[in-house]
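The values are calculated or read from the model by the stated rules, or taken from the named source; none is laboratory data. Just so it is clear, the model here is predicted, and its values are computed rather than measured. When we count neighbours, we look across all protein chains shown, and the Cβ atoms used for this are built from the backbone with ideal geometry, even at glycine.
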Amino acid sequence: MNVPKSVSDKPSSSGAWYSAYPIPAVAPTTIPTYTFSSPTLEAQVFTHSSFVPPFTSFNTSPPADNSSLTWLGHPLAQTLCSLHLTTYFPTLSTQAITDLRAALTSKPLHAHLCRLLNLHKNLHTSTPDKVLTSEKVLADLFEAYLAALSRDLGLNRFHDLYAWYHSLLTPFVHAYHNLYAQHSVAPPPRNGRQELAPYTSRLMEYAAKNKLEPPKFEFESNGQQGTDIQWRCCVVLDGRVVSRGIAGSKIEAKHCASKEAIKAIPAATEGDGGATAAVRRKKKEVFRARARGTARMQGPQQQQQVQALGPPPPLPPPLPPMSMPMPMPMPMPMPYANAPGTT
């Protein structure tokens with residue numbers, strides 16, 4: 001399948017371009033299965049590092065977990081995916097192949113493939129409520145399973161491993177290729193985190209200048225996992241909700257809500273009786289003029305403000321001069337009765 005140059009030569013806007021899209025709702029026509037010839041290797045694949053086996057004897061060593069297989073499985077998946085992409089799309093640029101491989105070997109997709117193969121149902125762990133809901137654990141399980149297949153088949157049967165991976169990944173390869181073509185032509189609009197970050201700083205500065213409590217940010221998710229998760233942030237300022245923002249992460253939702261709060265603050269503070277900086281500045285000038293004891297102000301409006309404040313309070317009466325008492329003369333010491341030279 002050849003790809004037009006106008007599509008294949010356009011690099012994506014970022015390495016994580018696929019995070020803006022949900023995982024394609026596709027699946028292979030037949031789910032590939034495999035039966036291990038080594039029970040020990042199969043037990044290692046489905047043993048998580050958190051699993052604590054029941055005590056049998058002191059001479060029994062605990063089973064090996066799948067962490068070493070996960071370390072081997074991730075680069076193996078990248079190699080198989082690279083062979084798959086260059087076979088199907090030989091005219092794609094290096095940048096396009098790199099972007100497609102990043103999507104096809106990402107943690108969310110590997111976790112999705114783990115659920116598709118029902119691998120998580122055989123995983124041994126001591127904390128299933130926490131482990132089986134983690135996308136990283138499920139993605140690591142798929143990578144460990146792929147590495148165990150390679151080790152069980154051996155190098156002489158590498159073509160069998162590639163055929164198994166090919167049948168599993170082919171629908172996702174075509175789906176992500178179509179998404180990549182759409183993304184290259186018209187990327188989805190996303191506000192950069194660096195562009196939105198100053199709005200949160202401006203909101204903090206506004207609260208400090210107006211002697212308000214720091215704004216509170218309340219977060220709520222849509223209950224989804226992975227790339228489907230959305231966070232909503234509400235900005236509470238001076239006891240009321242002033243804005244809301246929605247994004248794929250907490251930080252971006254916070255910045256989006258701060259941007260909307262900055263837009264809403266001028267309209268919300270109109271006619272609040274002197275909360276703006278200009279009114280406070282005039283008040284300071286009036287009080288400084290009263291402290292100096294003069295009313296030489298520019299404009300009749302400021303003179304009326306000084307008159308409305310009234311005359312300055314009178315100064316307290318001066319304290320009477322302090323009189324120092326005369327010092328008392330020191331008495332002369334009396335000689336001792338038996339002192340030398342006395343009679």
Considering each residue of region 150-174, count those that are in contact with a Phe, Trp or Tyr (Cβ under 8 Å, 6 or more places away or on another chain) and of a type in the set (A, V, I, L, M), and give that number.
1
Kindly establish whether residue 125 is farther than 26 Å from residue 29 by Cβ, of a type in the set (Val, Ile, Thr) and touching a helix residue (DSSP H, G or I) at 6+ places or on another chain (Cβ under 9 Å).
yes
Can you work out which of the residues in region 118-134 that are closer than 26 Å to residue 170 by Cβ and surrounded by fewer than 17 Cβ atoms within 10 Å (Cβ to Cβ) is modelled with the highest pLDDT?
118
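Give 179, 149 a once-over and let me know the one that is in the same structural domain as residue 95 (by TED's automatic domain parsing) and either modelled with pLDDT of 90 or more or over 18 Å from residue 85 (Cβ atoms) (or both).
Step by step, each of 179, 149 is checked, and only 149 is in the same structural domain as residue 95 (by TED's automatic domain parsing) and either modelled with pLDDT of 90 or more or over 18 Å from residue 85 (Cβ atoms) (or both).
Inside region 58-85, can you point out the residues that are of a type in the set (Ser, Thr, Tyr) and at pLDDT below 90? Walk me through it before giving the result.
As a first pass, look at region 58-85 and keep what is of a type in the set (Ser, Thr, Tyr): 60-61, 67-68, 70, 79, 82.
Those that are of a type in the set (Ser, Thr, Tyr) and at pLDDT below 90: 60, 61, 67, 68, 70.
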Conditions (1) at pLDDT 80 or above; (2) assigned to a helix (DSSP H, G or I): number failed by residue 242
(2)
Taking region 138-164 as the region of interest, how many residues are within 37 Å of the chain's Cα centre (by Cα) and without any contact (Cβ under 8 Å) to a residue 40 or more places away in the chain?
2
Of 203, 155, which residue is modelled with pLDDT under 90 and not assigned by TED's automatic domain parsing to the domain that holds residue 37?
203
Over region 114-137, the set of residues over 28 Å from the mean Cα position of the chain (by Cα) and β-branched (Val, Ile, Thr) is 125
